[in-house]
Amino acid sequence: MPPARAQRSVAASAISSVDKNSRKNIPRNKRNNVRADRRREHLVLAQAQPDDVESELKRRRTKKSYWRKWSDSPLAEIVARTLRRRARAGIIDSEQAEAKIAKLPRVRRS
């Protein structure tokens with residue numbers, strides 16, 4: 001069994017990688033949305049005739065996409081939702097799905 005100090009360093013490195021992922025992914029997602037908007041505008045401009053560029057831009061204006069940060073959902077709720085969806089689709093029996101959901105910790109049983 002590794003000493004407690006080694007376990008703490010492993011946990012600390014896991015936490016720091018999560019922070020780094022968030023720090024890198026949030027700007028990346030925002031950047032990708034702005035890039036997609038620029039591409040859409042470019043397509044409109046490329047397809048428009050030179051004399052009606054302004055009218056085409058106004059007419060074909062698309063809704064700007066945006067990215068928002070959402071809090072994470074508890075894994076147990078996601079697994080329960082997936083099991084219920086699979087039961088509705090007929091992939092598994094509903095009794096089997098409810099039995100598995102009953103074993104999950106802290107899930108709202110509806």
Given the options Ala12, Ala76, Ala97, name the one that is open to solvent by less than 80 Å² (accessible area, probe 1.4 Å) and at pLDDT below 75. Ala12
Pick from segment 53-73, criterion assigned to a helix (DSSP H, G or I) and loosely packed, with under 11 Cβ neighbours inside 10 Å, ranking: modelled with the highest pLDDT: Glu54
Could you give every pair whose Cβ atoms fall below 8 Å, whose first residue belongs to segment 12-30 and is under 14 Å from Trp70 (Cα atoms) and polar (S, T, N, Q), and whose second residue is at pLDDT 60 or above and outside any helix (DSSP H, G or I), counting only separations of at least 6 or pairs across chains? Asn29/Trp67
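The values are calculated or read from the model by the stated rules, or taken from the named source; none is laboratory data. Since we're looking at a predicted model, the values are computed, not measured. Note: ideal-geometry Cβ built from the backbone for every residue, glycine included; neighbour counts use all protein chains shown. These area figures cover heavy atoms from the full protein model, side chains too; ligands, DNA and RNA do not enter into them. Shrake-Rupley method; radii C 1.70, N 1.55, O 1.52, S 1.80 Å.
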